[in-house]
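Just below is one structure, and these are the notes that go with it.
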Amino acid sequence: MEGDAAGASCAQVMNGLTGRLDDRTNGGAPLTFLPIAALKQNGLLQTLMARGDTPTPTGNTEEDEALEKARQDWEALENAHPALTEDAGPTPIISFNEALQFFQTSDLGGLLKNIQPTVRRTGLAAVTHFLFGPPRLQRELLEERDLVFAIAQCQVDNSQAVHMRVLQTVYKRLVGSRRDCPRYGGHWESIGFQGMDPATDLRGTGFLGLMHPLYFVMDPETLPLARDIYKLSQHPTQNFPFSVMSINMTRIALQVLREEALSKECNRRQQVVGVLNDFYVATYLHLYQLWRNQQKTINDSGFVLKEVELFAKKNPKQMMRRLEVFLKERRAGRIPRGTSPDPQAQHPSPTLAEKGGGALMRQGGKAKEMHFTGVCDLPPDMEGEARLI
């Protein structure tokens, strides 16, 4: 009776996993598993444990064969259990610094050959920029700047554990989930990607398009803002694709860096990555306040992105200052200036029907795909212009 009960219990919970386990394999033939509690009642296994790992021949051929088979089954069970336990655990989240260190220690030589870290200027434009333009980036910061543009050319690699951890971390921290999500699926659309594979939206910014939201959600000071923006992106009428907008903020930040408008701040702080991270957040904050307070909709996206890009290029210092004030007021428990507690109290600005075409238009309940031009490989005749495609 005990043996029958043990056999029937195969469908019960085993070490945190449910379902029948008799069909699982371990790189070979199917294995037959019993719950450990039932296995301990097996007389053959009791004999094995009493005699050690290697059974001593008894002289009885049939019994010796049974003992050997029981020993092999026990070893197979022990080998299978760690793998099942590991697969059941969630992917650990990754900090921005850990992800950055991965790229700092990776061989990016092939990507570095193709970057264009500054705008190419010739003739009078070059002379004017040299005499009246922003200061140049200090020599000791050039390597860090080049690393940023190399990451912006790096694509998502499914074989890299760090890449997968970044994806999982962004998703879980944004939606407040502890469970892993599949690499492909409609859940990515819920956080504002355009399809089942986030990698397809990163053509214009490469992996930097994931590093920036990773910083956004992993910094405890900016995480509430990231979730506020995500919440607004889910609004019934003011919704927008959070991740697509984030990629645009990265694209704008990269272009401002290329135009050397952030060089002064980078020189002052003696870093490039940190300045670019803050400028990305500041740019997204500017878009968020404009979108929320002026009741923008998806039909306004082209005009809004154009406005944000032009303002960011002309007023980088003011953008950074606004972010600093915003975070300071939030720490003090006050409603930051420029953020209305009731977006309905604000007057909506003109829509794209009055301002011109947009990058995203709702047609039949579906949004057109937004296409991005790579910041690192722009044709010379487009440099310095707004590129909202």
Let me make sure I get this right: for segment 203-246, a, b and c are the square roots of the gyration tensor eigenvalues over alpha carbons, sorted descending. Under 1.5 in a/c it's rounded, otherwise prolate if a/b > b/c, else oblate. Which is it? oblate
Given the alpha-carbon gyration tensor of segment 197-316, what are the semi-axes of its equivalent ellipsoid in whole angstrom, ordered largest first, with each equal to the square root of 5 times an eigenvalue? 23, 16, 14
In nm, give the distance between the simple-model label positions of ARG136 and ARG269, each being 7 Å from the Cα along the Cα-to-Cβ direction. 2.3 nm
Stretchable slack from MET196 to THR61, in nm (0.36 nm times residue separation minus alpha-carbon distance): 42.7 nm
Please list, short to long, the whole-number percent of alpha-carbon pairs of segment 233-284 in consecutive 10 angstrom bins beginning at zero. 25, 43, 20, 11, 1
Only loop residues by DSSP count here, and only those with at most 15 other Cβ atoms within 10 Å; note down the chymotrypsin sites (Phe, Trp or Tyr not before Pro) in segment 160-237 that meet that. TYR184
Need one word for segment 267-343: rounded, prolate or oblate. Basis is the Cα gyration tensor (sqrt eigenvalues a ≥ b ≥ c); a/c below 1.5 gives rounded, then a/b vs b/c decides. oblate
Beyond 27 Å (Cα-Cα) in this structure, taken from LYS231/LYS264; LYS264/LYS306; LYS264/LYS328; LYS231/LYS328; LYS296/LYS317, we find LYS231/LYS264
HN-Hα J in Hz across segment 251-259 - Karplus 6.51, -1.76, 1.60, θ = phi - 60°, x for Gly and Pro: 4, 5, 4, 5, 5, 5, 5, 4, 7
Give me the log10 of I(q) over I(0) for segment 155-203 at q = 0.17, 0.19, 0.29 Å⁻¹, as the Debye formula computes it from C-alpha points; what are the numbers? -0.46, -0.58, -1.30
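Values quoted throughout were computed directly from the atomic coordinates according to the rules given, and no laboratory measurement underlies them. It should be emphasised that the depicted structure is a prediction, and the values quoted were computed from it without experimental measurement. In this analysis, Cβ positions are derived from the backbone assuming ideal geometry, glycine residues included, and neighbour counts consider all displayed protein chains.
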